[in-house]
1. Using the Karplus curve 6.51 cos²θ - 1.76 cosθ + 1.60 with θ = phi - 60°, what ³J(HN,Hα) values do you get for each residue of the range B:4-15, in whole Hz, with x for Gly and Pro?
2. Please turn the phi angles of the range A:22-34 into ³J(HN,Hα) values with the Karplus equation 6.51 cos²θ - 1.76 cosθ + 1.60 (θ = phi - 60°), one per residue in order, whole Hz, x for glycine and proline.
3. Can you give me the long-range amide H partners of B:Y95? Hydrogens built in the peptide plane at 1.01 Å from N, cutoff under 5 Å, separation of 5 or more residues or another chain.
4. Excluding B:K151 itself, what net charge comes from residues whose Cβ is under 10 Å from its Cβ, given Lys and Arg +1 and Asp and Glu -1?
5. Rank the residues B:F134, A:F90 as a footprinting-exposure proxy: fewest other Cβ atoms within 10 Å of their Cβ go first.
6. Taking amide H positions as placed in the peptide plane 1.01 Å from N, state which residues far from B:R317 in sequence (5 or more) or on other chains have amide H under 5 Å from it.
7. Treating only the Cα positions of the range B:131-200 as identical point scatterers, give the base-10 log of I(q)/I(0) from the Debye formula at each q in 0.21, 0.24, 0.26 Å⁻¹.
8. Quick one: dipole size for the range A:91-139, taken about the Cα centre, charges +1 on Lys/Arg Cβ and -1 on Asp/Glu Cβ, in debye to the nearest 20.
Amino acid sequence: MPRIWKFGDDIDTDQVVPGRYAPYMTGDPELQKYAFIENRPDFAKQVKTGDWIVAGKNFGCGSSREYAAQALRKSPIAGIIAKSYARIFFRNALNLGIPLYESDELNDRVQDGQELSFDAEHSSLTVDGKTYALKPMPGFVHQIIREGSIIDFVKKHGKFPGE
Amino acid sequence: MSQQTLAEKILSHVSNREVHAGDLAVVPVARAMTVDSIALSVMDVMKQLGCERVHDPDKIALFVDHVAPASNVATADAQQKLRAFAEAQGIRAFYDVGSGICHQVMIEEKLVTPGTVAVGSDSHSTAYGMVGTFGTGMGSTDVGLIFATGKTWLRVPETLRVDLRGKPRPYVMTKDIILRIIRDLKVDGGTYKAMEYHGVESFSFDSRFTLASMSTELGAKVGLIEPDEVIKKRFPVPDWLYSDADARYLRRIDLDVSTLDPQVAAPNSVDNVHDVGELKSVHVDTVFLGSCTNARLEDLQTVARIVRGKRIAKGTRLMVTPASRTVLMNATNDGTLSTLLEFGAALATPGCGACMGRSQGVLGAGEVCFSTGNRNFRGRMGSPEAKIYLGSPAVAAATALTGFITDPSAL
Ligand code: SF4
């Protein structure tokens, strides 16, 4: 069963991947190795396909460095559910095709490591027998995720979603 | 068009239809820029798109400023590739090592135009709002798409309007004002929003930069200042570029700056802000006078005025990293630089320097830094065990003099 990786409020991009591990500094493209390397050193080794990150408010604040989102894209997580996202991280993660949902209550109700099942059709998550409805994402978000990424979208349609 | 905020006005003009907060707009980008630390990712996005030529080389700017000069072989190699890219694509606005911080040079060289959209691969691209440009930061995928297509998508933001009233006391700077706003609104208080500042008529050109650029620390998409005579003297401002009297704001904030004390953000969050007096027992090892937030001529002059003829506190260092070559030249010509050097300052190459903790003044474990920059996250300037306080150049000067966080008016 996939599990929850729980994080608090204001997780900044340096906590996702510290600047010292940027590809520019190390020349190493295996970014997923460095996901949460200082904040949660067990993450990169133990995260499994279908796991979700469940975070508090303002997830991904800080710099515009996209490798924070890339490190998560390259990891096996299925998506992220936060109370809210920082603006640039939201764009970056969405552009790379990471499913992003918002929920005001989930983070306060669930524990780290709990097993979950996700229902994409109804945008809901079930944990310990309780089902939580997630806020629906705007249409253009689905359009991007459906094509895989914004690059795939633009390559296929020759324009931006909504254009 | 009516009832529009500055952000709505600009996005309506560039997209040729009336848009309001909440609408999705695909807009032309008048200038897109990237920097040494991100450029390879941007080039990679173009490759993934199968795009060999940038959409318009005259709408792009490239900078080697983040780790400049290069600090190791990986950064040196990346910078070589950026030089080759600029040459091959015919991009004339290429600024190599020593030119200065991207945002500073974008303004100095007038690479941005009021009333247009400019996007940088760096979060502090909100700085361009100081001249009425819709400046915003994005990641490498977005910037790569702009390089390839000349366009981007934006959700038209709601606006928080800030009205400043009163005249600040001596030694109180726009840095203190924006820190005060962040103290109240918190680091996510402006997420997805536009900030719109009014009441800045008495503030200098240089000092406005700090308000616009640090809007990013509120999570804001853009930090706009309605252009007045100070801006019109230097930039072409279209006559429609003002906010309507009946514009709809999400919230209005009135701030009386006349009673404001210097403000200091303590570790490890930019909204952990205190009046300077509350932190006076904090000993500081390194004072960093640098970054796109506060390393302009006016900032260097402010420090020089306070430290002239004196010596730096024993056990404290002052690292001066001018925002650009122009700033450094002007500070050399007017004697500011020699005042700082006589005081005991160390000088670094114009650029980001220690602000991002990769070169030219990286902090070690346990080191305490007072920085005129904009971020004090754990590990931002080097060791995660270092501590970073943020404040104005005036407080930085007083702090370098005494070795402790000091209110300049108490000297
Ligand atoms: S000076 Fe600092 S904040 Fe400004 S662009 Fe450079 S690294 Fe970013």
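1. 10, 7, 4, 4, 5, 4, 5, 5, 5, 4, 6, 9
2. These are the phi-based 3J(HN,Hα) values: 4, x, 4, 8, 9, x, 9, x, 7, 4, 4, 4, 9 Hz.
3. B:L62, B:F63, B:V64
4. Values: positive: A:K159; negative: A:E163.
Result for the neighbourhood of B:K151: 0.
5. Details: B:F134 31, A:F90 22.
Taking fewest neighbouring Cβ atoms as first place, the list is A:F90, B:F134.
6. Amide H neighbours of B:R317: B:T286, B:V287.
7. Ignoring solvent entirely, the Cα scatterers give -1.03, -1.19, -1.28.
8. Numbers: 4 positive and 9 negative charges, 44 e Å.
Dipole of the range A:91-139, to the nearest 20 debye: 220 debye.
Every read-out reported here was derived from the displayed coordinates using simple, explicitly stated rules and does not represent laboratory data. None of these values were measured; they are calculated from a predicted model. Cβ sites come from the backbone with ideal geometry, for glycine too, and all protein chains shown count toward neighbours.
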